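*Asks:* Got a structure for you, questions after.
Values in this text are rule-based calculations from the coordinates and carry no lab data. Predicted model, so just to flag it, every value in this text is computed and none were measured. FYI the Cβ positions are ideal-geometry reconstructions off the backbone, even for glycines, and counts take in every protein chain you see.
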Amino acid sequence: MRGTFEVLGACPHDCPDTCSMVTTVQDGVATKVHGNPAHFHTGGALCTKVSRYTERTYHPERLLFPQRRVGPKGSGRFERVSWAEALADIAKRLGAIAQHDPEAILPYSYAGTMGLVQGESMAARFFHRLGASLLERTVCSSAGGEGLVHTLGGKVGNRVEFFAESKLILIWGSNSIASNLHFWRHVQTAKRHGARLVCIDPRRTETAEKCHVHIALRPGTDAALALSLMHELIRNDWLDHAYIAEHTLGWDALRARALEWPPERAAEVCGIGVHEIVDLAREYGQTARAGEPVAIRMNYGLQRVHGGGNAVRAIACLPALVGAWRHRAGGVLLSASGAAPVNKAALLRPDLLAGRTPRSINMSTIGADLLRPSSPEFGPQVQALVVYNSNPVAIAPDSGQVVQGFAREDLFTVVLEHFQTDTADYADYLLPATTQLEHLDVHASYGHTDVLLNRPSIAPVGEARSNSQIFRDLARHMGFDDACFIDDDLTLARAAFAPSVRFEELLDKGFASIRLPDAPFAKGGFPTASGKCEFFSARLHALGQDGVPNYLPNYELPDVSGPYPLAMISPPARNFLNSSFVNVKSLRDIEGEPLLELHAQDAAARGITSGDVVRVFNARGSYRCAARVSARARPGVVNGLGVWWRKLGLDGNNVNELTSQRLTDMGGGPTFYDCAVQVEKSTT
């Protein structure tokens with residue numbers, strides 16, 4: 001289309017802000033992307049990453065046509081083929097496997113796009129119709145999500161915009177400046193009006209630097225801190241007894257558990273001062289007692305450890321103890337996604353399973369599962385893998401084993417991608433997918449309570465096709481003649497929020513707000529079975545777990561006299577989003593190189609200075625990168641910033657060479673931040 005015009009869209013990435021975007025198009029070329037000033041939650045601003053989205057869409061290494069492998073697995077050597085040839089051969093090979101056992105086929109996807117159309121709509125229909133194995137999508141947030149469900153009844157909380165009215169804000173396990181920028185705007189408003197800010201994080205992040213107090217606890221000890229805060233609230237009677245009596249379940253059991261955690265015990269476990277616990281409890285309890293709103297913003301880093309679900313449960317209990325939910329600016333927020341009225345049945349069509357109950361495979365154990373032989377317990381060996389919206393070779397834990405699995409010559413692998421990622425190097429067929437500027441989609445949010453529409457602003461680049469179209473095409477080549485495979489993207493988008501959201505409003509404004517009460521739990525009404533905040537979870541108890549939140553130590557506790565004396569966490573580099581944007585040169589130039597942050601004390605003990613190449617290792621593997629001696633690291637903890645593509649590492653690997661496939665206490669989540677290592681100066 002000739003001329004210059006603007007198109008309303010939505011950021012597709014795995015971020016709570018879910019921004020409304022405006023793309024400027026000139027003569028069919030996207031020239032600029034900026035935030036939509038008409039959307040309250042975006043406020044006209046985008047993060048550094050997404051503001052450079054045109055650089056990503058028009059990247060010189062963008063995949064432009066289908067390709068077939070011609071070299072060994074992992075070599076990244078491909079030849080160009082036509083769509084017709086690729087689709088016919090893929091359908092033939094999947095069909096042959098499915099004829100024997102469709103559960104030998106596994107989809108692998110996550111949040112490369114958060115869109116409901118290009119994510120799990122036509123793709124889910126395809127795999128349901130095929131009867132493929134199901135994927136447990138756990139790699140980011142499942143432990144925390146389960147913790148919320150067993151406490152509050154769902155992924156719910158106070159609304160993000162009302163943090164601006166809070167008088168005390170605990171930012172717990174979140175580097176909000178880097179990963180939740182639009183929330184930080186509300187925090188700054190609150191701060192200007194006298195709010196106190198406390199950051200609880202093992203790392204001295206950019207956010208921690210801007211808060212009044214930073215509590216640098218050891219990784220995986222958050223539940224101990226939360227229980228000790230409860231201890232002090234009880235001891236000093238900073239409690240809302242009426243709210244506890246009317247709107248909670250299991251108070252006696254939680255009270256008994258909390259009284260086991262005096263500050264002295266928790267301080268020893270957390271590696272912090274007793275006064276830090278006492279002072280925080282006093283500030284939290286007395287602010288609430290004065291009738292002022294107190295609010296907690298959690299993020300998902302804290303739940304990527306053995307006891308991650310219990311930690312979220314313990315923290316989520318705190319607001320009910322002091323009656324924080326009575327205020328619209330009080331409570332706790334980890335995820336708001338439970339408010340989104342997504343019509344999953346209409347999108348995913350589970351009825352296509354036709355009574356079949358395929359096995360489920362956890363995406364966080366893909367390394368081990370790709371190497372498993374057929375057995376009565378496991379089922380058939382995985383013989384085919386279709387990867388979309390994810391880069392598992394880079395992002396899955398214990399990546400050395402993940403690579404072994406992907407390198408199997410007998411594993412048929414299809415990858416839908418924008419770029420030749422680490423995972424793409426192992427594909428048998430590499431299919432070019434559209435970016436957000438090239439397709440239609442709709443989005444919910446887990447950070448606010450709006451839903452958004454993304455209109456395509458340009459035609460697909462090269463021969464790229466949308467995920468939904470690729471799965472329509474595969475369905476046709478497989479001979480699936482169900483009417484649902486004819487649904488176009490507009491039909492899918494209209495179904496996503498029907499009947500709760502008027503699609504015409506999305507077409508008109510690009511976004512719509514979900515109508516919710518300002519203070520949803522001021523009078524109880526939690527979406528639990530009891531309607532109360534459940535300190536005691538009967539469902540967890542029935543599963544053989546402790547019904548009351550507890551502290552579960554990390555699987556890998558550093559031993560100063562043992563082989564792995566340091567704890568390692570692997571928070572995201574500020575200018576990447578998981579493994580997305582790593583190949584955008586302007587952003588990679590800002591990050592510089594893969595880094596390990598060490599405290600000066602740990603560096604000196606090893607003769608390490610900033611700029612040295614170090615070897616980080618444990619029993620699972622070894623990873624070399626540059627060292628940075630930094631106050632961002634606390635003693636005994638090193639920070640391996642990720643997630644860099646493996647092929648950009650000094651030895652062709654990344655920090656996930658060291659992480660474990662062990663799972664969290666609930667939700668089957670990964671334990672990325674439950675990792676003991678040793679560090680030494682590299683001699684090579």
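*Asks:* How far is the Cα center of region 558-605 from the Cα center of region 219-262, in Å?
*Replies:* 35 Å
*Asks:* What size of dipole, in debye to the nearest 20, comes out for region 444-524 about its Cα centre when the only charges are +1 on Lys and Arg C-beta atoms and -1 on Asp and Glu C-beta atoms?
*Replies:* 260 debye
*Asks:* Given axes a ≥ b ≥ c from the Cα gyration tensor, I'd like to know whether region 303-360 is rounded (a/c under 1.5), prolate (a/b larger than b/c) or oblate. It would help to have the intermediate numbers written out before the result.
*Replies:* Working: a/c = 4.14, a/b = 1.86, b/c = 2.22.
Since a/c reaches 1.5 but b/c is at least a/b, the shape of region 303-360 is classed as oblate.
*Asks:* Do the sum for the chain: with -39,500 (n - 2.57) for every DSSP H run of n ≥ 4, divided by all residues, what is the mean residue ellipticity at 222 nm, to the nearest 500 deg cm²/dmol?
*Replies:* Values: 23 runs with 195 residues, N = 684.
Result for the chain: -8000 deg cm²/dmol, rounded to the nearest 500.
*Asks:* Here's something else I'd like to know. Write out the cysteines belonging to the chain for which the nearest other cysteine Cβ is not under 4.7 Å, or none if no such cysteine exists.
*Replies:* Lone cysteines by the Cβ rule: C15, C47, C140, C270, C317, C484, C533, C625, C675.
*Asks:* Ok, one more. Which one, P380, T57, V81, projects farthest toward the positive side of the charge dipole computed for the chain from Cβ point charges (K/R +1, D/E -1)?
*Replies:* Farthest along the dipole direction, towards plus: T57.
*Asks:* Out of region 416-479, which GluC sites (Glu not before Pro) are coil in DSSP terms and have no more than 14 other C-beta atoms within 10 Å? Mind dumping the intermediate values first?
*Replies:* On the way: sites: E417, E438, E463; in loops: E463.
Taking region 416-479 and a limit of 14 other Cβ atoms within 10 Å, the loop GluC sites (Glu not before Pro) found are E463.
*Asks:* Do any trypsin sites (Lys or Arg not before Pro) in region 1-50 lie in a loop, going by DSSP, with at most 16 other beta-carbon atoms within 10 Å of their beta carbon, and if so which? Before the final figure, lay out the partial values.
*Replies:* Details: sites: R2, K32, K49; in loops: R2, K49.
Loop-located and lightly packed - R2.
*Asks:* Can you list the equivalent-ellipsoid semi-axes of region 339-493, largest first and in whole Å, using the square root of 5 times each Cα gyration tensor eigenvalue?
*Replies:* Details: eigenvalues 160, 84, 63 Å².
Here the semi-axes work out to 28, 20, 18 Å.
*Asks:* Taking H as built 1.01 Å from N, whose amide H comes closer than 5 Å to the amide H of F581, not counting residues under 5 places away?
*Replies:* The answer is none.
*Asks:* So which GluC sites (Glu not before Pro) in region 5-91 end up in coil per DSSP with only 12 or fewer other C-beta atoms within 10 Å?
*Replies:* Sparse-neighbourhood loop GluC sites (Glu not before Pro): E61.
*Asks:* Please work out the C-alpha center-to-center distance from region 439-460 to region 99-144 and express it in whole Å.
*Replies:* Taking the Cα centre of each part, region 439-460 and region 99-144 sit 20 Å apart.
*Asks:* Please report, for the Cα atoms of region 502-625, the Rg to one decimal and the Dmax as a whole number; what are they, in angstrom?
*Replies:* Here Rg and the maximum Cα pair distance are 24.0, 65 Å.
*Asks:* Can you find, among L352, A258, G669, the residue farthest towards the positive end of the dipole of the chain? Put +1 on the C-beta of Lys and Arg, -1 on that of Asp and Glu.
*Replies:* A258
*Asks:* Near the amide H of T659, under 5 Å away, which other amide H atoms are found, from residues 5 or more places off or on another chain, if H is placed in the peptide plane?
*Replies:* Amide H neighbours of T659: D398, S399.
*Asks:* Just need the relative contact order of the chain here, percent rounded to a whole number, with Cα pairs under 8 Å and 6+ apart.
*Replies:* Values: 1636 pairs, mean separation 141.4, N = 684.
That works out to 21 percent.
*Asks:* Over every pair of different alpha-carbon atoms in region 387-459, take the mean of 1/r and invert it; report that Kirkwood radius in Å.
*Replies:* Working: mean 1/r = 0.0698 Å⁻¹.
After inverting the pairwise mean of 1/r, the radius is 14.3 Å.
*Asks:* Over what distance in Å are the Cα centres of region 670-684 and region 169-192 separated?
*Replies:* 30 Å
*Asks:* Using the Cα centre of the chain as the reference point, and only Cβ charges (+1 on K/R, -1 on D/E), how large is the resulting charge dipole? Debye, rounded to the nearest 20. Please list the in-between numbers first.
*Replies:* Numbers: 69 positive and 71 negative charges, 140 e Å.
Dipole about the Cα centre, nearest 20: 680 debye.
*Asks:* Can you flag which of K49/K155; K49/K92; K73/K155; K32/K191; K344/K532 are past 30 Å Cα-Cα?
*Replies:* K49/K92; K73/K155; K32/K191
*Asks:* Let me ask something additional. Would you mind computing the Rg to Rh ratio of region 176-322 from its alpha-carbon coordinates, Kirkwood style for Rh?
*Replies:* That ratio equals 0.95.
*Asks:* If you put +1 on each Lys and Arg Cβ and -1 on each Asp and Glu Cβ, how big is the dipole of region 566-635 around its Cα centre, in Debye rounded to 20?
*Replies:* Working: 10 positive and 6 negative charges, 27 e Å.
With only Lys, Arg, Asp and Glu charged at Cβ, the dipole is about 120 debye.
*Asks:* OK, next. What three numbers, in Å, describe the spread of the alpha carbons of the chain along their principal axes, ordered from the longest?
*Replies:* In descending order, the Cα extents are 72, 62, 55 Å.
*Asks:* Which residue, chosen from T205, I215, F183, occupies the Cα position most advanced towards the positive end of the dipole of region 156-256, where the dipole is computed from +1 (Lys, Arg) and -1 (Asp, Glu) charges on Cβ about the Cα centre?
*Replies:* Positive-end residue among those listed: T205.
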